[in-house]
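Have a look at the structure below, then the notes.
The values are calculated or read from the model by the stated rules, or taken from the named source; none is laboratory data. What you see is a predicted model; the values in this text were computed from it and never measured. In this analysis, Cβ positions are derived from the backbone assuming ideal geometry, glycine residues included, and neighbour counts consider all displayed protein chains. Quick note on the areas: whole protein, heavy atoms, side chains included, nothing else; ligands and nucleic acids left out. Shrake-Rupley method; radii C 1.70, N 1.55, O 1.52, S 1.80 Å.
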Amino acid sequence: MIAYFYFFGRRLDIVIFGATGCAGRFTVMEAVRVLRPYSWGIAGRNKRKMRDMLEDIGIQHRKNLSKIPIISANIKQKRRLHKLAKKCRVLINCSGPYESYGENIIRACVSAKTHYIDLCTESHFMDYINYKFDDEAKRKGVYIIMGCGLQSLPADVGVNYMASHFNGTINSIHAYVEFWTKNPWVVGSVANKNVWASFVVGNRNMKKFRRRMFPKLEPVSTRRSILEESDVVKGFCIPAPTVDEDIVDRTQLYFMEEKNRRPVQYHCYFAFINPAVALLLLCWYFIILLLSQFQWTRNLLLRFPRIFSFGLFSSGGPNSENVDDTFFSITFKAEGWSKSSKRVRRIFSDPPNKVAVGKVSGTCPFYGVACVCLLVSATTVLNEQSRLPHRGGVYTPGAAFENTNIIGELEKHEHGLSFEIISIEYRN
């Protein structure tokens, strides 16, 4: 195959690494539509698998994808990774879990001055990458933006959206995540074993980032009870065992330190119509959390994802029915004051007098929305670098894309995101 990026020695705009994995394959499927104006290619270990995958996807889209560049690269071969990074302006990494496979490719991107985007949900690994590569990335003008999938771009960018429409000072946001399907009788996995591995590894390395790093603000926003009926959405809520809170708090800490802005206190929940289902999920999570702390039980979790997740995660990944017929939304309830404040720790004499409710929603969340978020993050880095912070560094999605038009771009696509303000109320 003759790749046009060899002509005149020019780089491709975007390369999708880990293309034959479950997340990579769905990202390539979305790339056919999202990346039409861009030069892009795919990378992975097996050229034959990548070629066959492009042929299959081309048949589905009725397009000839034979001219899409295919690049051979192995996560363990540092020289090949460096050559891969030099062949593109932005590299999208779909190869997880990131604690096991992420550092080498991030190092290659920083060395080659190539921007980096991923789906990472491992909070501890983000801490490590920020500590190790932030200064060097700033010096070289490289953007490393992690967590640009379903976790946690919709939540992080959604908080920015609420702040931009609040017209005052937000003290806290309580977010309620809901998933549902058109056909509740369709059974099977919703994600593959790599997502499960990231979940297990993340639980093993839990850190109290928010409580350790966040300043004490008045009034303190407390988390709702473990199983409590929501006053915003229909159903009962439990604390969400996701990385979203960590990502949002990192963004808010960045705004406080870099822009002297009062941070938003953020809490995230899963909402269920049936309280018994919510309670069972919570019990299951605590069991997985406990098993993740010990080597031998953790190995069992990683070896048998289908058994321990009751079929939600599997080696083969999701079936097409589960991908196409699923939906999600995050409903935000923001409370604060109608007055704006430029002081980070200002103590208002009156209790919060303003409430705004907004929503971000989408279809095919696990391998539709997630992949479109990845791709739009990459194109935003390409098109709006002048609106990104500093000249490079390690960032969360909310910190990186605050001043860009990423919301408008996400709303353009079938499997993108929809943002709306539902209501704004004032209290006496």
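Here are a few things to note about the model shown:
- For Glu228, the amide hydrogen comes within under 5 Å of the amide hydrogens of Cys237, counting only partners 5 or more places away or on other chains and with H modelled in the peptide plane.
- Rounded to the nearest 5, the antiparallel percentage of DSSP beta bridges internal to the chain is 55%.
- Amide proton proximity set for Cys268, modelled H, under 5 Å, gap of 5+: Ala175, Ala240
- Note on Arg11 and Glu425: the extension gain reaches 144.0 nm, defined as 0.36 nm multiplied by sequence separation minus the Cα-Cα distance.
- Accessible area per residue for the chain is 47 Å², calculated with a 1.4 Å probe on protein heavy atoms, without ligands, DNA or RNA.
- For region 135-150, Karplus couplings with θ = phi - 60° (6.51, -1.76, 1.60), whole Hz, Gly/Pro x: 5, 5, 4, 5, 4, 9, x, 9, 9, 10, 10, 10, x, 9, x, 4
- Scalar couplings 3J(HN,Hα) for region 251-265, obtained by applying the Karplus form with A = 6.51, B = -1.76, C = 1.60 to θ = phi - 60°, are 5, 5, 5, 4, 4, 5, 6, 8, 10, 6, 10, 5, x, 8, 7 Hz; x denotes Gly and Pro.
- Segment Arg62..Asn104, full-extension length gain: 11.5 nm, with 0.36 nm per residue of separation and the alpha-carbon distance subtracted.
- Working note: Karplus 6.51/-1.76/1.60 with θ = phi - 60° gives region 71-82 the couplings 10, 8, 7, 10, 4, 8, 9, 5, 5, 5, 4, 5 Hz, where Gly and Pro are set to x.
- Sites excluded, chymotrypsin sites (Phe, Trp or Tyr not before Pro) in DSSP loops with at most 16 other C-beta within 10 Å, longest stretch of the chain: 1-184
- Between Leu280 and Lys132, the simple spin-label model (points 7 angstrom out along Cα→Cβ) gives 4.1 nm.
- Residues with amide H under 5 Å from that of Phe313, placed H, sequence gap 5 or more: Val190
- When the helices of the chain are scored as -39500 (n - 2.57) per DSSP H run of n ≥ 4 and the total is divided over every residue, the value at 222 nm lands at -12000 deg cm²/dmol.
- For the chain, the C-alpha radius of gyration divided by 2.2 N^0.38 Å, with N the number of residues, is 0.97.
- Whole-Å distance, taken between Cα centres, linking region 64-122 and region 330-388: 28 Å
- For the chain, the share of accessible area belonging to carbon and sulfur comes to 51 percent (1.4 Å probe, ligands and nucleic acids excluded).
- Accessible surface of Ser225 - all protein chains present, 1.4 Å probe, nearest 10 Å²: 70 Å²
- Flagged links, alpha-carbon separation over 28 Å, of Lys87/Lys138; Lys113/Lys342; Lys182/Lys354; Lys86/Lys193: Lys113/Lys342; Lys182/Lys354; Lys86/Lys193
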